[in-house]
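> Okay, here's the structure, questions in a sec.
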Amino acid sequence: MVQHPKSRSTVRRGLRHGESVRVLIPHKRVQTRLRQLAKEIRREFPDEPLHLIGVLKGCVFFLADLARELGGEVSFDFMSVSSYGKGTDSSGEVKLVKDLDVSIEGKTIIVVEDILDTGLTLKYLLRLFEERKPKHLRVVVLLDKIDRRIADVRADYVGFTIPNEFVVGYGLDFAERYRNLADVCVLQFDSKAKAKS
Ligand code: IMP
């Protein structure tokens with residue numbers, strides 16, 4: 001479980017008025033954990049070609065960094081689903097926006113997700129992928145908000161278990177903003193600004 005750093009509220013350029021971020025997981029710690037995750041995955045599949053499936057767009061930095069740590073034969077493909085609107089609460093509805101480019105039949109698949117929240121997205125994806133008969137199907141998530149789970153799913157590999165707070169950075173967004181922050185941060189609103197939005 002990630003502990004809240006005591007007082008690391010950060011003022012950054014590029015933040016919208018009324019929004020601020022607090023570093024939850026510094027970039028360096030993410031990179032260290034990625035190396036460990038890659039080792040764990042390679043321990044399970046030492047010689048297998050791995051086909052990573054990234055769930056856009058939150059996965060981009062995570063997938064790129066993990067792929068380079070994995071070594072061996074690695075390919076990847078991307079999928080896009082919509083589950084969140086512009087706010088911080090899920091609609092609970094999952095829609096396929098972009099399907100995979102190539103078949104996954106007979107392949108060792110690692111689904112790469114930024115964050116596991118209610119689990120509804122992952123449940124939808126796993127059902128879809130299982131029907132396509134991969135050889136192995138595993139899931140790696142960078143962040144797991146375990147307290148928010150609705151669907152009965154779990155990831156095989158978890159980077160960090162985090163508290164129930166809305167996070168941005170390292171690929172994660174709020175209304176498409178803040179994906180480019182290097183650290184994983186908690187997004188904070190000043191109460192007046194939130195009331196207006
Ligand atoms: P789930 O279906 O509720 O598990 O949500 C999965 C998706 O919701 C993730 O892939 C993210 O795109 C988004 N999401 C959930 N929690 C957060 C968050 O704290 N910050 C940004 N996106 C989130």
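> Hey, rough spin-label estimate for Leu56 and Ser191, points 7 angstrom out along Cα→Cβ, what's it come to in nanometres?
Roughly 4.0 nm, to one decimal.
> Turning to a different aspect of this structure: Among the GluC sites (Glu not before Pro) within region 89-197, which fall in a DSSP loop and have no more than 12 other Cβ atoms within 10 Å of their own Cβ?
Loop-located and lightly packed - Glu105, Glu131, Glu176.
> Based on C-alpha coordinates, I'd like the Rg and Dmax of region 15-77, in Å.
In Å, with Rg to one decimal and Dmax whole: 14.7, 50.
> Quick one: angle between helix 60-70 and the longest Cα principal axis of the chain, in degrees between 0 and 90, rounded to 10, please.
Between the helix axis and the principal axis of the chain, the angle is about 40 degrees.
> Just need the relative contact order of region 40-87 here, percent rounded to a whole number, with Cα pairs under 8 Å and 6+ apart. Each step should come with its number before you reach the end.
Values: 41 pairs, mean separation 22.5, N = 48.
Computed value for region 40-87: 47 percent relative contact order.
> While we're looking at this one, here's another question. Obtain the radius of gyration and the Kirkwood radius of the chain from its C-alpha atoms and give Rg over Rh. Present the calculation step by step, with values, prior to reporting the outcome.
Working: Rg = 16.9 Å, Rh = 17.4 Å.
When Rh is taken as the Kirkwood radius, the ratio is 0.97.
> Another question about this same structure. Of the candidates Gly119, Gly72, Gly54, which one comes out as most mobile in a Gaussian network treatment of the chain with C-alpha springs shorter than 10 Å?
In the Gaussian network model the winner is Gly72.
> With every protein chain left in place, what is the accessible area per residue of the chain in square angstrom, probe 1.4 Å?
53 Å²
> How many angstrom lie between the C-alpha centres of region 106-154 and region 40-79?
14 Å
> Let me ask something else. Which whole-Hz ³J(HN,Hα) couplings does region 111-125 yield from phi under the Karplus relation 6.51 cos²θ - 1.76 cosθ + 1.60, θ = phi - 60°, glycine and proline marked x?
Whole-Hz 3J(HN,Hα) from phi for region 111-125: 7, 10, 10, 5, 8, 9, 10, 5, x, 5, 4, 5, 4, 4, 5.
> Here is a follow-up. Starting from the Cα-Cα distance between Arg16 and Thr32, subtract it from 0.36 nm times their residue separation and give me the gain in nm to one decimal.
That pair, Arg16 and Thr32, stretches by 2.7 nm at full extension.
> If you don't mind, another one. From the phi angles alone, apply the Karplus equation (6.51, -1.76, 1.60; θ = phi - 60°) to region 16-31 and give each ³J(HN,Hα) in whole Hz, x where the residue is Gly or Pro.
In residue order, the calculated couplings are 5, 4, x, 10, 9, 10, 10, 5, 9, 10, x, 3, 4, 5, 4, 5 Hz.
The values are calculated or read from the model by the stated rules, or taken from the named source; none is laboratory data. Since the model is a prediction, treat every value here as computed from it, not as a measurement. Cβ atoms come from the backbone with ideal geometry, glycine included; neighbour counts cover every protein chain shown. Side chains are part of the model used for accessible areas, which takes the heavy atoms of the whole protein and leaves out ligands, DNA and RNA. Shrake-Rupley method; radii C 1.70, N 1.55, O 1.52, S 1.80 Å.
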